[in-house]
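Data block below; observations after.
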Amino acid sequence: MGVTACSDDDENGAGTEVERELQVTETTSDFIVEFTPPVELQASVDPDFVANVLADEVVTADEMTDANQRYIECVADGGGAGIYAFDLDLLVMLHEWSLPSTAARNAAASLHASCSRDFLGDLFPRYKATNPGDADLAVRQRERLGACVAAIDPTAAANIPDAIPVDTTGAGATGEDLQLDPTALNPDADAGQVEGIRRCIGAYGAEIVAFG
């Protein structure tokens, strides 16, 4: 294997390009070059959808529900399969899906970016900004989460904190913290229980629906 290197020794002269043979020995270290190709967006299937929703600068519950369903259908049409949870009463929108192992590298990122561009945009943040939930939102989320986890593992459900903040500005484990380490609720839970608990936490107890 030949490589081109720059040498600045006296024999070859400063900055002279010379070709050298790379000698592989038992002490040669392996190295891996990671390269992530840029995400290429697919052609838009409905370029005006998000703009039409925002024409009056208001995102309604019906429009948000329609946007979520269109995103799911877009992903499924592209070969994606997984789960989603959508509940505006709990202010939850969760998508977890994957493509077949035979899919091209970066294909999932491309599909997600394309479907999000066409049907989600920043609609959900806008919706939440004008519909932040009532004073009982956290209580409802905690109750629904507890019921979801209890159906999988009562021990884990008993260990759910009384308050689970959504953001990281306060004290206590957040929903994201618990989702990243669902075994914290019950170290003895088996793999199936742990995955179920993780999904319950991610959805804050909202109904989880399979698709694709």
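Residue check, PRO125 against (1) in a loop (DSSP other than H, G, I, E, B); (2) over 26 Å from VAL194 (Cα atoms), all met but one. Which one?
(1)
Have a look at GLY205, GLY146, GLY196 and point out the one that is at positive phi and modelled with pLDDT of 90 or more.
Matching residue, one of GLY205, GLY146, GLY196: GLY205.
What is the number of the single condition among (1) in contact with a helix residue (DSSP H, G or I) (Cβ under 7 Å, 6 or more places away or on another chain); (2) free of Cβ contacts under 8 Å to residues at least 12 places away in the same chain that ASP134 does not meet?
Result: ASP134 passes all but (1).
Looking at segment 60-81, which of the residues that are surrounded by fewer than 16 Cβ atoms within 10 Å (Cβ to Cβ) and small (Gly, Ala, Ser) is farthest from the chain's Cα centre (by Cα)?
Per the criteria, the residue is ALA61.
Within segment 73-112, track down each residue that is within 24 Å of ASP46 (Cα to Cα) and polar (S, T, N, Q).
Those that are within 24 Å of ASP46 (Cα to Cα) and polar (S, T, N, Q): SER98, ASN106, SER110.
All but one of (1) of a type in the set (Val, Ile, Thr); (2) buried (at least 19 other Cβ atoms within 10 Å of the Cβ); (3) modelled with pLDDT under 95 hold for THR102, so report the exception by its number.
Condition not satisfied by THR102: (2).
Need pairs with beta-carbon distance below 8 Å; first residue in contact (Cβ under 8 Å) with a residue 24 or more places away in the chain and within segment 94-114, second part of a strand (DSSP E or B) and among the polar types (S, T, N, Q); sequence gap 6+ or separate chains.
Sorted first by the residue in segment 94-114, then by its partner, the pairs are ALA108/SER98.
From the list ASP118, ASP153, ASP177, which one is of a type in the set (Asp, Glu), surrounded by 12 or more Cβ atoms within 10 Å (Cβ to Cβ), under 23 Å from the mean Cα position of the chain (by Cα) and at pLDDT 95 or above?
ASP118
Test ASP188 against the criterion of being modelled with pLDDT of 90 or more and either acidic (Asp, Glu) or in a loop (DSSP other than H, G, I, E, B) (or both), and give yes or no.
It is true that ASP188 is modelled with pLDDT of 90 or more and either acidic (Asp, Glu) or in a loop (DSSP other than H, G, I, E, B) (or both).
Of all residues being modelled with pLDDT under 95 and out of contact with any Lys or Arg (no Cβ under 8 Å at 6 or more places or on another chain) in segment 43-56, which is farthest from ASP118 (Cα to Cα)? Just the residue, please.
By that ranking, first place goes to ALA43.
In segment 51-100, how many are part of a strand (DSSP E or B) and among the β-branched types (Val, Ile, Thr)?
Going through segment 51-100 one residue at a time, the tally reaches 2.
The values are calculated or read from the model by the stated rules, or taken from the named source; none is laboratory data. Since the model is a prediction, treat every value here as computed from it, not as a measurement. Because the Cβ atoms are built from the backbone with ideal geometry, glycine has one as well, and the counts that use them run over all protein chains shown.
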